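A quick write-up on the structure given underneath.
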Amino acid sequence: MEHDAYQQIEHLRDELRRHEYLYYVLDQPEITDAEYDAMMRSLQVLEQQHPELDSPDSPTHRVGGAPREGFVKLRHSSPMLSLDNALNEAELREFDRRVREGLNGESFQYTAELKMDGLSMAAQFEQGRMVRAITRGDGEVGEDVTENARTIRSLPLRVKDALARFEVRGEVMMNLAAFNHLNAQRDREGLPRYANPRNSAAGSLRILEPKITSRRKLDYYVYFLLVNGEQVEHSQKAALEHLARMGFHVEGHHQTCRDIEELAAFCLHWEQNRDSLPFQIDGVVAKVDSIGQQQRLGWTAKAPRWAIAFKFPPRQAETLVEAIEVQVGRTGALTPVAHLKPVPVGGVIVSRATLHNEDEVQRLGVQAGDTVIIERSGDVIPKVVRVKSPGARRTPFRMPKHCPVCGGEIVRQEGEAASRCINTDCPARLKESILHFAAREVMDIEGMGEALVDQLVDRGLVKNVAGIYGLTLDDLLKLERMGEKSARKILDNIERSRKRPLARILNGLGIPFVGERTAQLLAEAFGSLDAIAQADREELQRAEEVGPKVSASIYEFFRETHNRQLVERLRAAGLQFTFAHANTRGTALRDLTFVLTGTLPTLTREEAKQRIEAAGGKVSGSVSRKTNYVVAGEQAGSKLDKARELGIDIIDEVRLLEMIP
Ligand SMILES: [Zn+2]
């Protein structure tokens, strides 16, 4: 029995590791997220039943263990020194001249790699297991972030390789999609944004609660392979190839350059094309490829003589601040925005830059009429870096006392960076509130986009969020560029949203500090919207992850007259005010397993999956004898052949939708 459990656990671990590698390193998943989650849950259950078989390299540790008090300092196996910088091509050529001189005319080549803008970290392995992860720190001593590093899915916790003990070094990063997602979530929860992906990666790795790190979608790209602090391969290129074979994430654009001309061309190419990458880079790292030659060149006191970091010039520009105006967001938060004399920055014309909040305006000392330096990076909103020269005629910025959109009162609460318009019917808030309510991850009302919401609010057709449930076909047909077909479709989508679960409604209300996750926890803990609305601060704090700040925010929200009216209107619209447990899901497709393949005519893969699961069915990533139906769309591939081979029913989208009530 014990032996069986051991084998089962080891098998699940191996499978999960393989799928993590396929998903996070190769970006070629073979199974759906739901199947992965199910496999992970089976393993968790088995490990709970057999605690003696737990192991720190088990994929279950990816979700993060107990919080901790602080980080222990650890010494690196050999110093993690930083590289010298070349700030322009002349400095790059000067580096090349020194290398050629140092090698006495021997032939050599460079390996050029993209310089990721992240946080350097070393990960140590013993007998193939990741045992320690240390941040760069001051280069000699860093912080032990082992538990948090375990949650980074692209860092293998177990490696099959001939090397018994080794260390890898690389960069912990957050790609731009994850970064923007995180900031959008922080906006919704009323938390300050991260300034750039580097800060968010560093912040996320050093959070004392590994569970939070686990949700932050960090990535780890490696570029050094060391044994006892020494490089082991004969060249950098061979080391990168070895690391990739071991299953580590190695950035794939590295290139061998035979001379400085090729190296300079590589740097120029990526300086111009960096926006095409899914992550932020701030330069190129060039290393003399041969480790033997690296050793002959040696080190200065501060940095290796065989490597250089070519830094891209920051994409900055100088321009005039014509005015500072405030924008009103969904939560009523006022954001000062600098309206600029349009200026090209790295190939894009910039005419606005965010100033975040009142404190930031004070810190920069910026006023309308000033000449400022602005900076743009990736697809992050441009920002003002500093005042270059104060204008002759300046207008100091003052946060308005009344909302520029509705004239309502502006309040800045103690300890908060943001000033807010407190009128919940403020049109600026209303448009944003409807967009948030209708968003995919909230009530998922397709077609309820910016253009439509602008018209609905401007024409007075919708006066509060619940108003969308009162829209008629006639209302919609009055709007610009709205045909009957699309109007009906939107009404259908609104209709369907009445069935969304309680957690989504809670998230949709836009209560400050209550995002997707908190909403879910509240729904589970209280069971109904009324119970949450009636709870006092103390009762609210009994829900998981709800502290004094969040509970106060929820409590005040439901004590405000307009908000209470909104809740009643939503109730009248027939929304789901009670928490539906999974077992109250539909039963039409109970015990049926579906496989989706090809492009369906109207549903996305995710939508089809949600529909099937909502009706009690299961969706699997691969066809087997257990599959009941294969739903095939255009360009269906090998799954269709497999289904034919096994004699499984093949249906189209129309048939699928007929099966779902
Ligand atoms: Zn307002």
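The values are calculated or read from the model by the stated rules, or taken from the named source; none is laboratory data. Source: prediction; values computed, not measured. Note that we place each Cβ from the backbone using ideal geometry, even for glycine, and neighbour counts take in every protein chain shown. Surface areas here come from the heavy atoms of the whole protein model, side chains and all, with no ligands, DNA or RNA. Shrake-Rupley method; radii C 1.70, N 1.55, O 1.52, S 1.80 Å.
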Item to check | Between segment 330-380 and segment 430-482, the alpha-carbon center distance in angstrom | outcome: 30 Å
Checklist entry - Given q = 0.19, 0.23 Å⁻¹, what are the Debye log10 I(q)/I(0) values for segment 486-589, with equal point scatterers placed on the Cα positions and solvent ignored? => result -0.95, -1.27
Checklist outcome for this item: Listed by chain and number, the residues whose amide H is under 5 Å from that of Ser419, excluding neighbours fewer than 5 places away on the same chain and using placed H, are Leu334, Glu358
Checklist outcome for this item: Expressed as a percent, the accessible surface of segment 502-580 that is carbon or sulfur, using a 1.4 Å probe and the full set of protein chains, is 46 percent
Item to check | Hydrodynamic radius by Kirkwood, which averages 1/r over all alpha carbon pairs of the chain, in angstrom | outcome: 28.6 Å
Checklist entry - If you bin the C-alpha pair distances of segment 229-294 every 5 Å from 0, what whole percents do you get? => result 3, 15, 22, 22, 20, 13, 4, 0
Checklist entry - Based on DSSP H runs of at least 4 residues, each adding -39500 (n - 2.57), what is the mean residue ellipticity at 222 nm of the chain after dividing by all its residues, to the nearest 500 deg cm²/dmol? => result -10500 deg cm²/dmol
Next on the checklist: Whole-Hz ³J(HN,Hα) for each residue in segment 73-81, computed from phi via Karplus 6.51 cos²θ - 1.76 cosθ + 1.60 with θ = phi - 60°, x for glycine and proline: what do you get?
Outcome noted: 8, 10, 8, 6, 5, 8, x, 9, 7
Checklist entry - Residues of segment 233-263 with amide nitrogen under 18 Å from the 7 Å Cα-to-Cβ point of Ser107? => result 235-237, 256-263
Next on the checklist: I want the local charge near Glu325. Using Cβ-Cβ distances under 13 Å, sum +1 for each Lys or Arg and -1 for each Asp or Glu among the other residues.
Outcome noted: +1
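Tell me, what % of the accessible area of segment 427-497 is carbon and sulfur with a 1.4 angstrom probe? Don't skip to the answer; put the middle values down first.
On the way: 1640 of 3540 Å².
Reported share for carbon and sulfur atoms: 46 percent.
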Checklist entry - For Leu87 and Val385 in one chain, what is 0.36 nm times their gap in residues minus the Cα-Cα distance, to one decimal in nm? => result 105.4 nm
Checklist entry - When ligands, DNA and RNA are left out and all protein chains stay put, how many square angstrom of accessible area per residue does the chain have with a 1.4 Å probe? => result 49 Å²
Checklist entry - Taking square-rooted eigenvalues a ≥ b ≥ c of the alpha carbon gyration tensor, is segment 85-311 rounded, prolate or oblate, where a/c under 1.5 means rounded and, failing that, a/b exceeding b/c means prolate? => result oblate
Item to check | Solvent exposure, largest accessible area first (probe 1.4 Å, DNA, RNA and ligands not counted), of His249, His61 | outcome: His61, His249
Item to check | Normalised contact order of segment 427-497, rounded percent, pairs of Cα under 8 Å and 6 or more residues apart | outcome: 31 percent
Checklist outcome for this item: Under a 1.4 Å probe, counting only protein heavy atoms, His436 has an accessible area in Å², nearest 10, of 20 Å²
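Please give the FRET efficiency for Ile349 paired with Arg394, using the beta carbon to beta carbon distance and R0 = 30 Å, rounded to the nearest 0.05. Mind dumping the intermediate values first?
Numbers: r = 25 Å, r/R0 = 0.83.
The formula returns an efficiency of 0.75 here.
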Checklist outcome for this item: Per the rule of 0.36 nm per residue minus the C-alpha distance, extending Asn199 to Gln295 adds in nm 31.2 nm
Checklist entry - Relative to the present Cα-Cα distance, how much length would full extension add between Glu538 and Arg440 at 0.36 nm per residue of separation? => result 32.1 nm
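Probe radius 1.4 Å, ligands and nucleic acids left out: which of Asp492, Asp84 has the largest accessible area, and how do the rest follow? If you can, show how the numbers build up before the last one.
Working: Asp492 85, Asp84 55 Å².
Heavy-atom accessible area, descending, gives Asp492, Asp84.
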Checklist entry - Which whole-number percentage describes the relative contact order of the chain, with Cα contacts under 8 Å and a sequence gap of 6 or more? => result 10 percent
Next on the checklist: Give the separation of the Cα centroids, segment 84-126 to segment 17-54, in Å.
Outcome noted: 39 Å
Checklist entry - With the contact rule set at Cα under 8 Å and sequence spacing of 6 or more, what percent relative contact order holds for segment 502-580? => result 36 percent
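State the dimensionless ratio Rg/Rh of segment 361-459 (Rg: radius of gyration of Cα atoms; Rh: Kirkwood radius).
Taking Rh as the inverse mean 1/r over Cα pairs, Rg/Rh reads 1.07.
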